[in-house]
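*Asks:* Quick one: the structure is below, and I'll ask about it shortly.
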Amino acid sequence: MSRTTLCRLGDLGDGEARRFDVEGRLLAVVRIGDDVYAIGDTCSHAKISLSEGDVHAAERELECWKHGSTFSLLTGEPSSLPATRPVPVYEVTVVDGDVTVELS
């Protein structure tokens, strides 16, 4: 396992998703208030970047802009069709304002 610093918390807009390439893995990183989530950035249905989609803060979901599938930021599971397979979820921590992700 490796832990990588992505950015400062203040660099992430509240309610927005941002794409990061970490060790060859594309991540969609989402900030909702003081909480930060990281999931795989590629939609499991059509290989579209999830970080370009809309964040549903109340549901803790990220929507694929192409076909409308939404993915849980907590589990990676899709909650709407056409996607049926989950995307990976990564552990994120914020320490002293630094956002870090753990890759396993």
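Nothing in this text is a laboratory measurement; each read-out follows from the coordinates by a stated rule. Computed from a prediction, not measured in an experiment: that's the story for all the values here. Backbone-built Cβ (ideal geometry, glycine too); neighbour counts: all protein chains shown.
*Asks:* Taking R0 as 25 Å, what FRET efficiency do you get between Ser2 and Glu52 from their Cβ-Cβ distance, rounded to the nearest 0.05? All intermediate terms of the calculation are to be shown ahead of the outcome.
*Replies:* Working: r = 26 Å, r/R0 = 1.05.
Efficiency for this residue pair is about 0.40.
*Asks:* If pairing requires two Cys Cβ atoms under 4.7 Å apart, which cysteines of the chain are left without a partner?
*Replies:* Cys7
*Asks:* Can you list which of the GluC sites (Glu not before Pro) found in the range 18-104 are DSSP loop residues with at most 13 other C-beta atoms within 10 Å? The partial results should precede the final answer.
*Replies:* Numbers: sites: Glu23, Glu52, Glu59, Glu61, Glu63, Glu91, Glu102; in loops: Glu23, Glu59.
For GluC sites (Glu not before Pro) across the range 18-104 that sit outside H, G, I, E and B with at most 13 neighbouring Cβ atoms in 10 Å, the list reads Glu23, Glu59.
*Asks:* Let me ask you something else. For semi-axes √(5λ) of the Cα gyration tensor in Å, the listed values are (1) 27, 16, 11; (2) 19, 17, 11; (3) 21, 15, 11; which was obtained by calculation from the structure presented?
*Replies:* Given (1) 27, 16, 11; (2) 19, 17, 11; (3) 21, 15, 11, the calculated one carries the label (3).
*Asks:* Next question. Please list, by residue number, every one of the trypsin sites (Lys or Arg not before Pro) in the range 1-93 that is coil in DSSP and has at most 10 other beta-carbon atoms within 10 Å. Show your work: numbers first, answer last.
*Replies:* On the way: sites: Arg3, Arg8, Arg18, Arg19, Arg25, Arg31, Lys47, Arg60, Lys66; in loops: Lys47, Arg60, Lys66.
When the trypsin sites (Lys or Arg not before Pro) of the range 1-93 are filtered for loop state and at most 10 Cβ neighbours within 10 Å, Lys47 remain.
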